[in-house]
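Novice: Quick one: this structure, given as C-alpha coordinates, is what I'll be asking you about.
The values are calculated or read from the model by the stated rules, or taken from the named source; none is laboratory data. Bear in mind that the values here come from a model prediction, so they are computed numbers and not experimental data. Heads up, the Cβs are rebuilt from the backbone with ideal geometry, glycines too, and the neighbour counts pull from every protein chain shown.
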Amino acid sequence: MYAQTSEKVIRPPADATITTAPSRATLRTRPRIQRATIRSWEYIRPVRITVLVIRLLAVLWMFVLTNLLVSNGFVWGWIFLPTALATFAIALWVFTTAEKGWPVVKA
(Lines give C-alpha, C1' and ligand atoms only; values in the text may rest on other atoms or scores of the structure.)
Protein backbone atom coordinates (compact mmCIF):
# COMPACT_ATOMS: atom_id res chain seq x y z
CA MET A 1 0.00 0.00 0.00
CA TYR A 2 1.01 3.57 -0.51
CA ALA A 3 1.38 5.96 2.38
CA GLN A 4 0.57 9.61 2.09
CA THR A 5 3.79 11.53 2.59
CA SER A 6 2.49 15.05 2.09
CA GLU A 7 0.82 17.01 4.84
CA LYS A 8 -1.29 18.93 2.33
CA VAL A 9 -4.72 17.51 1.78
CA ILE A 10 -6.63 18.53 -1.29
CA ARG A 11 -10.31 18.82 -0.54
CA PRO A 12 -13.06 19.67 -2.99
CA PRO A 13 -15.08 22.80 -2.31
CA ALA A 14 -18.09 22.31 -0.08
CA ASP A 15 -20.48 23.14 -2.93
CA ALA A 16 -18.98 20.46 -5.19
CA THR A 17 -20.02 17.63 -2.89
CA ILE A 18 -23.67 18.63 -2.90
CA THR A 19 -25.39 17.64 -6.12
CA THR A 20 -29.05 18.42 -6.25
CA ALA A 21 -31.52 17.95 -9.04
CA PRO A 22 -32.83 21.20 -10.42
CA SER A 23 -36.21 22.28 -9.20
CA ARG A 24 -39.09 23.15 -11.47
CA ALA A 25 -38.52 26.81 -10.75
CA THR A 26 -34.90 26.44 -11.80
CA LEU A 27 -35.82 24.71 -15.04
CA ARG A 28 -38.32 27.45 -15.81
CA THR A 29 -35.41 29.84 -16.20
CA ARG A 30 -34.88 28.28 -19.63
CA PRO A 31 -37.15 29.21 -22.54
CA ARG A 32 -40.03 26.83 -23.21
CA ILE A 33 -38.59 25.68 -26.53
CA GLN A 34 -35.36 24.67 -24.79
CA ARG A 35 -37.22 22.74 -22.12
CA ALA A 36 -39.17 20.94 -24.82
CA THR A 37 -36.15 20.18 -26.96
CA ILE A 38 -33.54 19.28 -24.34
CA ARG A 39 -34.16 16.22 -22.26
CA SER A 40 -32.44 15.68 -18.92
CA TRP A 41 -30.43 12.73 -20.22
CA GLU A 42 -28.81 14.96 -22.81
CA TYR A 43 -26.83 16.56 -20.02
CA ILE A 44 -24.77 13.36 -19.74
CA ARG A 45 -21.70 13.94 -21.95
CA PRO A 46 -21.40 10.53 -23.73
CA VAL A 47 -25.13 10.46 -24.44
CA ARG A 48 -25.04 14.05 -25.65
CA ILE A 49 -22.23 13.29 -28.10
CA THR A 50 -23.96 10.11 -29.33
CA VAL A 51 -27.22 11.97 -29.92
CA LEU A 52 -25.37 14.72 -31.80
CA VAL A 53 -23.62 12.18 -34.04
CA ILE A 54 -26.92 10.44 -34.81
CA ARG A 55 -28.56 13.76 -35.67
CA LEU A 56 -25.66 14.77 -37.90
CA LEU A 57 -25.85 11.42 -39.70
CA ALA A 58 -29.54 12.11 -40.32
CA VAL A 59 -28.60 15.52 -41.76
CA LEU A 60 -26.01 13.89 -44.00
CA TRP A 61 -28.61 11.38 -45.20
CA MET A 62 -31.02 14.21 -46.03
CA PHE A 63 -28.33 15.88 -48.16
CA VAL A 64 -27.68 12.59 -49.99
CA LEU A 65 -31.40 12.03 -50.48
CA THR A 66 -31.79 15.56 -51.87
CA ASN A 67 -28.97 14.91 -54.31
CA LEU A 68 -30.40 11.57 -55.43
CA LEU A 69 -33.94 12.85 -55.92
CA VAL A 70 -32.98 16.06 -57.73
CA SER A 71 -30.49 14.28 -60.00
CA ASN A 72 -33.26 11.85 -61.01
CA GLY A 73 -35.61 14.67 -61.95
CA PHE A 74 -37.77 14.85 -58.81
CA VAL A 75 -37.98 18.57 -58.13
CA TRP A 76 -39.83 18.03 -54.86
CA GLY A 77 -36.54 16.58 -53.51
CA TRP A 78 -35.38 20.14 -52.83
CA ILE A 79 -37.65 20.16 -49.79
CA PHE A 80 -35.09 18.04 -47.94
CA LEU A 81 -32.42 20.75 -48.20
CA PRO A 82 -34.05 23.31 -45.85
CA THR A 83 -35.14 20.44 -43.61
CA ALA A 84 -31.54 19.25 -43.36
CA LEU A 85 -30.29 22.74 -42.59
CA ALA A 86 -32.93 23.26 -39.90
CA THR A 87 -32.15 19.87 -38.36
CA PHE A 88 -28.44 20.72 -38.35
CA ALA A 89 -29.03 24.09 -36.68
CA ILE A 90 -31.32 22.63 -34.01
CA ALA A 91 -28.92 19.75 -33.31
CA LEU A 92 -26.02 22.13 -32.75
CA TRP A 93 -28.14 24.44 -30.62
CA VAL A 94 -29.33 21.58 -28.41
CA PHE A 95 -25.78 20.26 -28.09
CA THR A 96 -24.26 23.59 -27.08
CA THR A 97 -27.11 24.42 -24.70
CA ALA A 98 -26.91 21.03 -22.99
CA GLU A 99 -23.14 21.44 -22.75
CA LYS A 100 -23.70 24.49 -20.52
CA GLY A 101 -25.31 22.18 -17.97
CA TRP A 102 -28.32 22.48 -15.77
CA PRO A 103 -29.40 26.00 -14.96
CA VAL A 104 -28.26 26.85 -11.45
CA VAL A 105 -30.03 29.18 -9.07
CA LYS A 106 -27.62 30.88 -6.71
CA ALA A 107 -28.91 30.75 -3.16
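Novice: What do you reckon, is Gly77 outside any helix (DSSP H, G or I) and modelled with pLDDT of 90 or more?
Specialist: So Gly77 does not fit the description; no.
Novice: Go through (1) touching a Pro at 6+ places or on another chain (Cβ under 9 Å); (2) modelled with pLDDT of 95 or more and name the single condition Leu60 misses.
Specialist: Exception for Leu60: condition (1).
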